[in-house]
1. Contact order normalised by length for the range 115-204, with contacts defined as Cα pairs under 8 Å and 6 or more residues apart; what percent is it?
2. In whole Å, what is the distance between the alpha-carbon centres of the range 159-230 and the range 53-127?
3. Under the definition of Cα pairs under 8 Å and six or more residues apart, what whole-number percent is the relative contact order of the range 7-304?
4. Mind running the shape call on the range 133-254? Use the C-alpha gyration tensor, a ≥ b ≥ c as the square roots of the eigenvalues: rounded below 1.5 for a/c, prolate if a/b tops b/c, oblate otherwise.
5. Of Arg143, Arg269, Arg46, which is the most mobile in a GNM of the chain whose springs link Cα atoms less than 10 angstrom apart?
6. In the neighborhood of Pro5, defined by Cβ-to-Cβ distances under 11 Å, what is the net charge if each Lys or Arg adds +1 and each Asp or Glu adds -1?
Amino acid sequence: MASGPIRILVVAAHPADAFDQAGGTLAHHVAEGDQVSALIVTGGARSHDWQMVDRHLKADEPVDLEKDSDEGHEKKTDETRRACAELGITDLHFFGLEDDEEMLTQEIVFRIAEKFRELRPHIVITHHPYEEGGFKMHASVGRGVLYARRACTGSSRLSGKPWLVPVVYFMNPMAYVNHNSLNQGVGFFRSDVYVDITDVVEKKVRAMDCIESQYYAGLYARKATEIGDGAHGNMVMTSYAEQFQRYTAQICYKLPMSDFEVRTADEPREQTMIRRGYMLDHMASMPEGQRPNGLPYEFDRDLYDP
Ligand SMILES: [Zn+2]
């Protein structure tokens, strides 16, 4: 562990990415005095304002897409500020780029690099550069971070003084391994570090509740946390965890080992299982008849047969 405060920057493709994959970890760092910032590359409305999509689906007349998109960007910016505040993250930087432009450009690389020189982060957390086979905005931003890390160390055409980001982590690296065939069987993905977020998991759910434009608020916030962070936690004998992959290997004086790992050696198994079994059930219970979107779920078996 570094002996003094460090600066951490999460570089997110879309607004909710600023906290929904590493937010518990970031909350820990905020609480312990580290400087935590977030850079959100796109406005996110065109791809993630699903309330807007639904309005367009229902509209009888042509809609003003640009006006709706601008309002969607504003709404998502406000949601993100409120969500990050739940976790103690207040230093947010928005590029506001269009989120239907999936490709990485040199201009975006340089903009990220200039942000590195401005904020001088010790740790950058971002998306895995091969997420979903590399064909995704997340992957473009992950690659942009690695290119920017290189660009800002030398004498590139950038303002500010050179800075080498010492450590890069890819957040939730295994999340999409089975999502499409391009990711399967590729050795690029692994989990090097799990951060136990059980003590702040409820804050993370409350942050997810702020994202109404994507219908995260309510049941989905709880289910996503339970099956995502809950599954990660279960893998490492705790309740809720976030997982990370290091870009470069760690440099230490001794081999790193936490007291948590030491304790598990001879811990009574009953205690282990109680910890693994802790659930968000007290938060998942919704008031009678009050689904957040007002719609009952209807399973239609006939949809599965030709
Ligand atoms: Zn995203």
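Nothing in this text is a laboratory measurement; each read-out follows from the coordinates by a stated rule. As the structure is a prediction and not an experimental result, all values here were calculated from the model. Note that we place each Cβ from the backbone using ideal geometry, even for glycine, and neighbour counts take in every protein chain shown.
1. Reported relative contact order: 33 percent.
2. Comparing the Cα centres of the range 159-230 and the range 53-127, I get a distance of 17 Å.
3. Dividing the mean separation by the residue count of the range 7-304 yields 20 percent.
4. prolate
5. It is Arg269.
6. It works out to a net charge of -1.
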